[in-house]
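*Asks:* Take this structure first; my questions come after.
The values are calculated or read from the model by the stated rules, or taken from the named source; none is laboratory data. In this text the structure is predicted, and so the values were computed from the model without any measurement. Positions of Cβ are generated from backbone atoms using ideal geometry, with glycine treated the same way; all protein chains shown enter the neighbour counts.
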């Protein structure tokens, strides 16, 4: 009897959690399918009478009534994809090397370096936004996917290195030592032993990097001007004019813009949990 | 091995490991070294970007002015409230939800996946969404509460500075809790079930099991999560930029936004840089204190 | 082993080179264009007011950034830009976004001394700051003499410093007193109020009769909108913010405190102002008006006419009229806001002649009239206010013309951003009755002292 009560309570809690997580997002979806008139009606009707697919049609299919921002969406998505992918690759590549060092070798110099890398993470990036802007401007590499990638890498490397170091710390050194006795070079042990064993943790770091880079807004806004490099968050912000905000279009664009990171996170959460499991105990 | 060989083996080992960190160092330095050094240097001047020619060296004046400035301390106070409020609630909620998600039930994998959704949404989208939800005339919050007869008439949520701050915190909590859930859940999963079984044998009830088995084992993880989330909370910008822009009055001007105003809007670049460095120093001091305590705790365990 | 290290480093480095290479390509593309401009430049130096032949400019690329016109629902600025491209062969990268974000980008670029933009948004509030910073070129150097005569005087003078014009207006954003005529007719009121006292009386009549929910809805959310509301109130009570020497008198001039007191009373005592006004941006106030909840819109903009007559967006089709005057404490002190925006050319632009051609085209009488007909944007040129075609389409422009003469701008301050930031905070404090208007003004003086 107690067991049944317990199960009921459990499922109730799960339902509450689901509602809390999904309700605002559901509202966003509903908004994107409504017309503005319905959205500003009082009392609010939760399900729109007419499903309005205009927004989705404009963005996904283009067409002559689409606003420029809608037509630009596809290019913006491509830019976001490129930026997020490169940032992830470079941070994982360079970061895993550094994390390996910090994990496997103790020295004062390395400790200090690690600490200073973490320290650079603590400075509010806003304050260096203009100096970075000046650099990019003088080098004529504003409005460029490459510069955005570099800037994001420098912002995110500290935490990527920190995470990966934690995961590497979990792998016992004996395995590498055994392999080295068998003639493996150190780098080979990294490649063939440590990384495969910490794959879940690495996967979770990679997903983290991808999502964070995809979603970044303010620096993308500053450093991109044209479609050559504009990312999706910036485009989503453009569905408005001097006085008004086109909420229906913005929510449509927002949902579409959020699909890739949501998929990455939701579908690959298995790896995230696994990864955090492997590395989480020590903290 | 002879000593010389051992030593040179050590040296080449050291060289090897040092060289591995070079890519990271280069990337970070390349982008950050000039801005960091430049803005630190500039913080000792009184540069305002549209009268660049009039900038002159003023030493510590900016730092002293900041310490005397009421708006700065008010903003720091708000930020402290914001950071502590959101992080503590996120961790408590994260723990509670993680405990539920740690149980077995149908559809557990799906739910665990969906739980990440608020965090995966772009910050812009989050901002626009919450702004509309809190809208005084058409917002979903008003509609919901009045249709449930919890309130009589539509409220103007974002009118009062303190209420607005709390509502922004609520939005931030919704966005950031998934990370806490994931980390704590992962940590919960590493606790061997034998420990629980042993506790059962000793006749422990669920509450004691939590208090004496679970809690101690996840404390280090929770502590680390606390630090990371605190750092992220201080950096929070997108929500404020999209929803309230620091208002009403100065109610939601937390320190990151305050720096944006000074550096970007007023173009008082030196002053803004000085604030940033002061904040960094404070954050570092707090983090060091915290880390020390945590390290000492885990050493004890 | 060392080989692997080197190999890895090479991989990472080459990746970086590739990425930066994408950037270098862009710089290379810019170079040939620069050469073309340099070739044109010597020709210019020879003749003082020479305007280069059109053919030399074709093939250049300019980058233009300004916000989207609030009334531009059909993308006419963009289609006119494409027309310009076909006509001149100059390629235009047009960037239009929300005002705030556009402002952030323009200011960032100017502060960095960059040359990413050839034509930029130049807001009326930035004139003093940009002049001090010396970021713009005087357009007189590029325009045929006498070209600028005929621009509406208020707009032209706003963007002129020392007799030289630095920006050509593209948006003559003037605010007008609009009202719902049908509501007044239903209540038996023959004419809209001339003074604020009459405004209160009429609002109360309308509210008591259940004809309107509120007299007015104002836009008092934190942002420029709040300043666009409180400033005309102050002016129309006869208040002065700064004297001719730039000294602050807002805290000593009793009319200023009186104006703010009126706002507070209208909200809290007389209750003719929508209480949610403190969270409204400009569009929100308009939505309330066209939903038929409010009767008056003292600081409305021309676009509201079109919106209110669109049955998909409004409940009050055909009911809106434009008053022949604007509001004031007395008819002698009536005032309204003048918020023009202009196009300007930064000193750092590398395509100044092409940039001027763009401005000349977009702000010409022909294009201005075209936009007037298409979206109802009010003209930049004085003579268009009496143009037959436009008057036929917008008869109420006659009333606009009558209110125009009372339009006044924000104070010309270099530190305008700090001014509006603190004005917003103190006004909101007064509106929520945390401070009396005089206290708010005194605190405002303290807030901005550092800039005087």
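*Asks:* Out of curiosity, is residue A:99 buried (at least 17 other Cβ atoms within 10 Å of the Cβ), at pLDDT 85 or above and either facing chain B (nearest Cβ under 8 Å) or more than 27 Å from residue A:221 (Cβ to Cβ) (or both)? It would help to see each step written out before you state the result.
*Replies:* On the way: buried (at least 17 other Cβ atoms within 10 Å of the Cβ): yes; at pLDDT 85 or above: yes; either facing chain B (nearest Cβ under 8 Å) or more than 27 Å from residue A:221 (Cβ to Cβ) (or both): yes.
Taking the combined requirement at face value, the residue satisfies it.
*Asks:* Out of A:224, A:189, I need the residue that is touching a residue at least 24 places away in the same chain (Cβ under 8 Å) and at negative phi. Which one?
*Replies:* Values: A:189 fails: touching a residue at least 24 places away in the same chain (Cβ under 8 Å).
Of A:224, A:189, the one residue that is touching a residue at least 24 places away in the same chain (Cβ under 8 Å) and at negative phi is A:224.
*Asks:* Shifting gears a bit: Of the conditions (1) at pLDDT 90 or above; (2) within 14 Å of chain A (Cβ to nearest Cβ); (3) in contact with a strand residue (DSSP E or B) (Cβ under 6 Å, 6 or more places away or on another chain), residue C:95 fails just one. Which one is it?
*Replies:* If we test residue C:95 against (1) at pLDDT 90 or above; (2) within 14 Å of chain A (Cβ to nearest Cβ); (3) in contact with a strand residue (DSSP E or B) (Cβ under 6 Å, 6 or more places away or on another chain), just (1) comes out false.
*Asks:* In addition: Just need a number here: residues in segment B:215-233 that are closer than 25 Å to residue B:71 by Cα and at the interface with another protein chain (Cβ under 7 Å from one of its Cβ atoms).
*Replies:* Matching residues across segment B:215-233 total 1.
*Asks:* Please work out which one of (1) touching a strand residue (DSSP E or B) at 6+ places or on another chain (Cβ under 7 Å); (2) on the phi > 0 side of the Ramachandran plot is the condition residue C:163 fails and give its number.
*Replies:* (1)
*Asks:* Please determine whether any residue of segment C:212-227 is without any contact (Cβ under 8 Å) to a residue 40 or more places away in the chain, out of contact with any strand residue (DSSP E or B) (no Cβ under 9 Å at 6 or more places or on another chain) and on the phi < 0 side of the Ramachandran plot.
*Replies:* Taking segment C:212-227 and keeping what is without any contact (Cβ under 8 Å) to a residue 40 or more places away in the chain, we get none.
No; the residues of segment C:212-227 include none that is without any contact (Cβ under 8 Å) to a residue 40 or more places away in the chain, out of contact with any strand residue (DSSP E or B) (no Cβ under 9 Å at 6 or more places or on another chain) and on the phi < 0 side of the Ramachandran plot.
*Asks:* Additional query: Examine segment A:118-133 for a residue that is modelled with pLDDT under 80 and closer than 30 Å to residue B:113 by Cβ, and state whether such a residue exists.
*Replies:* Within segment A:118-133, not a single residue is modelled with pLDDT under 80 and closer than 30 Å to residue B:113 by Cβ.
*Asks:* Would you kindly identify the helices (runs of 4 or more DSSP H) lying entirely within segment B:198-298 that contain at least 1 residues that are touching a residue at least 24 places away in the same chain (Cβ under 8 Å)?
*Replies:* On the way: elements: B:206-209, B:215-234, B:238-243, B:255-260.
Fully inside segment B:198-298 and qualifying: B:215-234, B:238-243, B:255-260.
*Asks:* Just the residues that are out of contact with any strand residue (DSSP E or B) (no Cβ under 7 Å at 6 or more places or on another chain) and surrounded by fewer than 19 Cβ atoms within 10 Å (Cβ to Cβ), please, taken from segment C:81-91.
*Replies:* Residues of segment C:81-91 out of contact with any strand residue (DSSP E or B) (no Cβ under 7 Å at 6 or more places or on another chain): C:82-83, C:86-89.
Correct list: C:82, C:83, C:86, C:87, C:89.
*Asks:* Does at least one position in segment C:101-117 carry a residue that is within 24 Å of residue B:269 (Cβ to Cβ), at the interface with another protein chain (Cβ under 9 Å from one of its Cβ atoms), in contact with a helix residue (DSSP H, G or I) (Cβ under 9 Å, 6 or more places away or on another chain) and at pLDDT 90 or above?
*Replies:* yes
*Asks:* Let me ask something else about it. When you check residue C:275 against the structure, is it surrounded by fewer than 21 Cβ atoms within 10 Å (Cβ to Cβ), closer than 13 Å to residue C:216 by Cα, free of Cβ contacts under 8 Å to residues at least 40 places away in the same chain and in the same structural domain as residue C:214 (by TED's automatic domain parsing), yes or no? Don't jump to the end; show me each part of the working.
*Replies:* Numbers: surrounded by fewer than 21 Cβ atoms within 10 Å (Cβ to Cβ): yes; closer than 13 Å to residue C:216 by Cα: yes; free of Cβ contacts under 8 Å to residues at least 40 places away in the same chain: yes; in the same structural domain as residue C:214 (by TED's automatic domain parsing): yes.
Against the criterion (surrounded by fewer than 21 Cβ atoms within 10 Å (Cβ to Cβ), closer than 13 Å to residue C:216 by Cα, free of Cβ contacts under 8 Å to residues at least 40 places away in the same chain and in the same structural domain as residue C:214 (by TED's automatic domain parsing)), residue C:275 qualifies.
*Asks:* Something else now. Would you check if residue C:374 is on the phi < 0 side of the Ramachandran plot, in the same structural domain as residue C:141 (by TED's automatic domain parsing), out of contact with any helix residue (DSSP H, G or I) (no Cβ under 9 Å at 6 or more places or on another chain) and not in a loop (DSSP other than H, G, I, E, B)?
*Replies:* Numbers: on the phi < 0 side of the Ramachandran plot: yes; in the same structural domain as residue C:141 (by TED's automatic domain parsing): yes; out of contact with any helix residue (DSSP H, G or I) (no Cβ under 9 Å at 6 or more places or on another chain): no; not in a loop (DSSP other than H, G, I, E, B): yes.
Against the criterion (on the phi < 0 side of the Ramachandran plot, in the same structural domain as residue C:141 (by TED's automatic domain parsing), out of contact with any helix residue (DSSP H, G or I) (no Cβ under 9 Å at 6 or more places or on another chain) and not in a loop (DSSP other than H, G, I, E, B)), residue C:374 does not qualify.
*Asks:* Looking at the structure I just gave you, is residue C:293 under 29 Å from residue A:246 (Cα atoms) and either free of Cβ contacts under 8 Å to residues at least 12 places away in the same chain or within 11 Å of chain A (Cβ to nearest Cβ) (or both)? Lay out the reasoning, then the answer.
*Replies:* Working: under 29 Å from residue A:246 (Cα atoms): yes; either free of Cβ contacts under 8 Å to residues at least 12 places away in the same chain or within 11 Å of chain A (Cβ to nearest Cβ) (or both): yes.
The answer is yes for residue C:293.
*Asks:* Checking residue C:156 against (1) surrounded by fewer than 18 Cβ atoms within 10 Å (Cβ to Cβ); (2) assigned by TED's automatic domain parsing to the domain that holds residue C:346, only one condition comes out false. Which one?
*Replies:* (1)
*Asks:* Can you confirm whether segment A:31-44 contains a residue that is at pLDDT below 90, farther than 30 Å from residue A:146 by Cα, more than 10 Å from every other protein chain (Cβ to nearest Cβ) and under 24 Å from the mean Cα position of the chain (by Cα)?
*Replies:* Yes, segment A:31-44 has at least one match.
*Asks:* Can you name every residue in segment C:164-187 that is assigned to a loop (DSSP other than H, G, I, E, B) and either without any contact (Cβ under 8 Å) to a residue 40 or more places away in the chain or in contact with a helix residue (DSSP H, G or I) (Cβ under 6 Å, 6 or more places away or on another chain) (or both)? If you could, list the steps in order and put the result at the bottom.
*Replies:* Of segment C:164-187, the ones assigned to a loop (DSSP other than H, G, I, E, B) are C:166-167, C:172-173, C:175, C:187.
Scanning segment C:164-187 gives C:172, C:187.
*Asks:* Tell me which residues, restricted to segment A:177-225, are more than 10 Å from chain B (Cβ to nearest Cβ), surrounded by fewer than 20 Cβ atoms within 10 Å (Cβ to Cβ) and more than 26 Å from the chain's Cα centre (by Cα).
*Replies:* A:177, A:178, A:179, A:180, A:181, A:182, A:183, A:184, A:188, A:192, A:193
*Asks:* Another one. If I ask for residues that are assigned to a helix (DSSP H, G or I) and surrounded by fewer than 23 Cβ atoms within 10 Å (Cβ to Cβ), which ones from segment C:129-143 would you list? I'd like the intermediate steps shown before the answer.
*Replies:* Within segment C:129-143, the first condition is being assigned to a helix (DSSP H, G or I), and the residues that meet it are C:129-133, C:139-141.
The answer is C:131, C:132, C:133, C:140, C:141.
*Asks:* Determine if segment C:402-412 includes at least one residue that is more than 30 Å from residue B:71 (Cβ to Cβ) and without any contact (Cβ under 8 Å) to a residue 12 or more places away in the chain.
*Replies:* Looking for residues that are more than 30 Å from residue B:71 (Cβ to Cβ) and without any contact (Cβ under 8 Å) to a residue 12 or more places away in the chain, one finds at least one in segment C:402-412, hence yes.
*Asks:* Do you know which of the residues in segment C:416-452 that are outside any helix (DSSP H, G or I) and more than 27 Å from the chain's Cα centre (by Cα) is modelled with the highest pLDDT?
*Replies:* To start, the set of residues in segment C:416-452 that are outside any helix (DSSP H, G or I) comprises C:432-436, C:452.
Keeping just the survivors that are more than 27 Å from the chain's Cα centre (by Cα) gives C:432-436.
Values: C:432: 88, C:433: 90, C:434: 88, C:435: 90, C:436: 93.
Result: C:436.
*Asks:* Quick one: is residue B:70 surrounded by fewer than 17 Cβ atoms within 10 Å (Cβ to Cβ) and either closer than 18 Å to residue B:244 by Cα or without any contact (Cβ under 8 Å) to a residue 12 or more places away in the chain (or both)?
*Replies:* Values: surrounded by fewer than 17 Cβ atoms within 10 Å (Cβ to Cβ): yes; either closer than 18 Å to residue B:244 by Cα or without any contact (Cβ under 8 Å) to a residue 12 or more places away in the chain (or both): yes.
The answer is yes for residue B:70.
*Asks:* For segment B:160-167, indicate whether the set of residues that are away from chain A (no Cβ under 11 Å), surrounded by fewer than 23 Cβ atoms within 10 Å (Cβ to Cβ), out of contact with any strand residue (DSSP E or B) (no Cβ under 9 Å at 6 or more places or on another chain) and closer than 22 Å to residue A:211 by Cβ is non-empty.
*Replies:* no
*Asks:* Now for a separate question. I need the full set of residues from segment B:253-270 which are farther than 19 Å from residue C:110 by Cα and more than 10 Å from chain A (Cβ to nearest Cβ), in order please.
*Replies:* If the condition is that a residue be farther than 19 Å from residue C:110 by Cα and more than 10 Å from chain A (Cβ to nearest Cβ), then B:253, B:254 are the ones that fit.
*Asks:* What's the number of the condition residue B:98 fails, among (1) within 20 Å of the chain's Cα centre (by Cα); (2) buried (at least 16 other Cβ atoms within 10 Å of the Cβ); (3) within 14 Å of chain C (Cβ to nearest Cβ)?
*Replies:* Every condition holds for residue B:98 apart from (3).
*Asks:* Residue under question is residue B:244, and the condition is that it be within 8 Å of another protein chain (Cβ to nearest Cβ), under 28 Å from residue B:133 (Cβ atoms) and buried (at least 20 other Cβ atoms within 10 Å of the Cβ); does it hold? Please lay out each step first, then the result.
*Replies:* Numbers: within 8 Å of another protein chain (Cβ to nearest Cβ): yes; under 28 Å from residue B:133 (Cβ atoms): yes; buried (at least 20 other Cβ atoms within 10 Å of the Cβ): yes.
Against the criterion (within 8 Å of another protein chain (Cβ to nearest Cβ), under 28 Å from residue B:133 (Cβ atoms) and buried (at least 20 other Cβ atoms within 10 Å of the Cβ)), residue B:244 qualifies.
*Asks:* Any chance segment A:14-29 includes a residue that's within 13 Å of another protein chain (Cβ to nearest Cβ), at pLDDT 75 or above and part of a loop (DSSP other than H, G, I, E, B)? So that I can check it myself, show each step before the final result.
*Replies:* To start, the set of residues in segment A:14-29 that are within 13 Å of another protein chain (Cβ to nearest Cβ) comprises A:14-29.
Cutting the leftovers down to at pLDDT 75 or above gives us A:14-29.
Pick out the ones that are also part of a loop (DSSP other than H, G, I, E, B) and you get none.
Looking for residues that are within 13 Å of another protein chain (Cβ to nearest Cβ), at pLDDT 75 or above and part of a loop (DSSP other than H, G, I, E, B), one finds none in segment A:14-29, hence no.
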